[in-house]
Amino acid sequence: MNEKAALRAQIRRIQKSIPKQTILRDSDKVFENFKKILADHSFSAFFCYVSYGAEVDTASILQYLYTAGKCVLVPVVRGKRLLAARWAPEILMKRNILGILEPENPDLYAGRIDAAIIPGLAFDKKAARLGQGGGYYDRWLSGKDVFRIGLCFSWQVFDALPTEETDCPMHVVLSEKEILYG
């Protein structure tokens, strides 16, 4: 097993032990750090993951951005690719092939995206990201001029992570305890 695979297995074991109420409590603290970051930028179009499992819950972020009149986009999986689709609270969602919610009838978006809110299994102090291993977000981010925001919990932050040339680093990583700049 390579270093990344071993680390993914270790993190997934920890995730299973985290109570849902802890995830929600700490997600609220991540959301507060997210609002601090927004104060420094004038972004209008956001791509944001829809939380799944033990990831930082993004429900508050999605609602906050929508209420603020921002263009809110969420991932849609098509084969090995991610696409961006418009999101609003009233849009019906369904589980995709990975079990993650996405719009049932996606209104795909090809315009400018200012910021992308990205999940990760782990991040490091220099804002490198370790994803689930499918490469979806790295492929989607590749070549895009977008401000990359990683969300995680403090136990998912490591001093350093193994990285490859195809791994897209974040500009900032937010946990419930800190804001790390890449």
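What follows draws every value from the coordinates through simple rules; no lab data is involved. These numbers come from a predicted model, not from an experiment. Positions of Cβ are backbone-derived with ideal geometry, glycine not excepted, and every protein chain shown enters the neighbour counts.
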query = Where q = 0.22 Å⁻¹, what log10 of I(q)/I(0) comes from the Debye formula for segment 121-182, counting one point per Cα?
reply = -0.84
message = Can you return the lysines within cross-link range of LYS29? Criterion is Cα-Cα under 23 Å, with same-chain partners fewer than 8 residues away left out.
response = LYS16, LYS20, LYS70, LYS125, LYS126, LYS177
query = Which whole-percent values make up P(r) of segment 1-90 when all C-alpha to C-alpha distances are grouped in 5 Å steps starting at zero?
reply = 2, 12, 17, 19, 18, 16, 10, 4, 1, 0
request  = Do me a favour and compute the ellipsoid semi-axes for segment 62-108 from its Cα gyration tensor, root of five times each eigenvalue, largest one first, whole Å.
outcome  = 20, 11, 8
key: Directionally averaged shadow of segment 56-139, computed from the convex hull of its alpha-carbon atoms, nm²   = 6.3
task = Calculate the dipole size of the chain relative to its Cα centre from +1 charges on Lys and Arg beta carbons and -1 charges on Asp and Glu beta carbons; express the result in debye to the nearest 20.
result = 360
ask   = For the residue pair ALA5 and LYS125, what label-to-label distance in nm results when each label sits 7 Å from Cα along the Cα-to-beta-carbon direction?
value = 3.0
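State to the nearest 20 debye the size of the charge dipole of segment 73-128 about its Cα centre, where the only charges are +1 on K and R beta carbons and -1 on D and E beta carbons.
The dipole magnitude comes to about 280 debye.
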key: Where the Cα pairs of the chain fall when distances are cut into 5 Å bins, in %   = 1, 8, 17, 22, 22, 18, 9, 3, 0, 0
